[in-house]
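All remarks here apply to the structure that follows.
Values in this text are rule-based calculations from the coordinates and carry no lab data. Because the structure is a prediction, the values reported are computed rather than measured. Counting neighbours? That spans all protein chains shown, and the Cβs are built from the backbone with ideal geometry, glycine included.
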Amino acid sequence: MLQQSMQYRVRITFGKNDALRFIGHLDLAKLWERVLRRAEMPLVYSQGYNPQPKMQLASALPLGISSDCELLDIWLLEPVNLETLPERLNAVSPPGLRTYRVQEVPPKAPALQTLLHSADYLITLAEEVTPDLPQRIADLLSRERIERERRGKSYDLRPLILALEPVDTRTFRVRLALGAEGTARPDELMDAMGLSFDHARCHRQALNLVGTDEREAG
C-alpha cells in the first residue's frame, strides 16, 4: 500500500553519461533513490516491511549507451519548486547524471512504460572501422525480413527499424521501435549490418512517446 494523501507526480528528464553508461537499470534506480533522498524530496513510499519510493524509469538503457533523454517519474507528498529542482538535484548527483528538465504530470496518468513508442540513436563507429555505411544501410532496408533471435525466441527486426540514415562516413542515425509492438536494440541492428557494437559509441538522443506530442530529446 502507498501513503494515502494528496500526491504530486513529477517527470524528470535526465542524462546518463561518462562512467554511468556502464551501470545497469536496477543500479540506476538505486542511484536515483539516493539522489532524491539527498535532495530531501518529500517522496511517497509504499508501506510494509520494506518501504520503497514510488518512482518509474521509462526504459532500460543497454550497458555502454549514453543518453540525454532518459525519463523518470516520481510521486511526492507535497509540491516542490520546479524551477529550482534541476539545480537542487544536480547539486547532489554524481558525475554523469544530470537533470535537464522537470515537469508536473497528472498523478494518475498512464505509466511511462506504456507510453513509449520509439527511441532515436546516434551511432559513431571507431576510426579503425571503414565500412561503406550507405551501402550497408541500403542493403539492410531492402530486406523484407531480418530474422533475429533473442532469449531463444525468433523475431523480425525489419518492422522495428522506423528510420535509418547515414550522417557521414562513420556515423548514422536510427529510430527503433520501443514499446508494446516490439523493441529493437542498437547492438542487434549493428550485428544485422555486419558491424560490431564494441567498436562504436551509441548515444540515445530521444524517447518518443505515443499518444502525445512529447519528444524528450537532449
The stretch 1-74: chymotrypsin sites (Phe, Trp or Tyr not before Pro) in DSSP coil with no more than 11 other Cβ atoms inside 10 Å: Tyr49
Under-5 Å amide H pairs with Tyr100, H placed in peptide plane, nonlocal only: Thr13, Phe14, Gly15
FRET efficiency for Val167 and Gln113, using Cβ-Cβ distance with R0 set to 30 Å, rounded to 0.05: 0.50
The chain: relative contact order as a whole-number percent, Cα under 8 Å and 6+ apart: 25 percent
Longest to shortest principal axis, alpha-carbon extents of the stretch 114-217, angstrom: 40, 32, 24
Sum of side-chain charges, Gly182 neighbourhood, beta-carbon under 13 Å (Lys, Arg +1; Asp, Glu -1): +2
0 to 90° range, to nearest 10: angle between helix 25-38 axis and the chain longest Cα axis: 30 degrees
Selection of GluC sites (Glu not before Pro), the stretch 112-200, meeting DSSP coil and at most 13 other Cβ within 10 Å: Glu127, Glu128, Glu144, Glu181
Per-residue [θ]222 nm for the chain (sum of -39500 (n - 2.57) over DSSP H runs n ≥ 4, rounded to 500): -5000 deg cm²/dmol
Phi-based couplings in Hz for the stretch 171-180 (Karplus 6.51, -1.76, 1.60; Gly and Pro marked x): 10, 8, 10, 8, 10, 10, 4, 8, x, 5
For the chain, built as a Gaussian network whose Cα springs stay under 10 Å, the top-fluctuating residue of Arg11, Arg151, Arg170: Arg151
Least to most buried among Cys69, Cys202 (fewest other Cβ within 10 Å first): Cys202, Cys69
Per residue convex hull volume, Cα atoms of the stretch 8-109, in Å³: 97 Å³
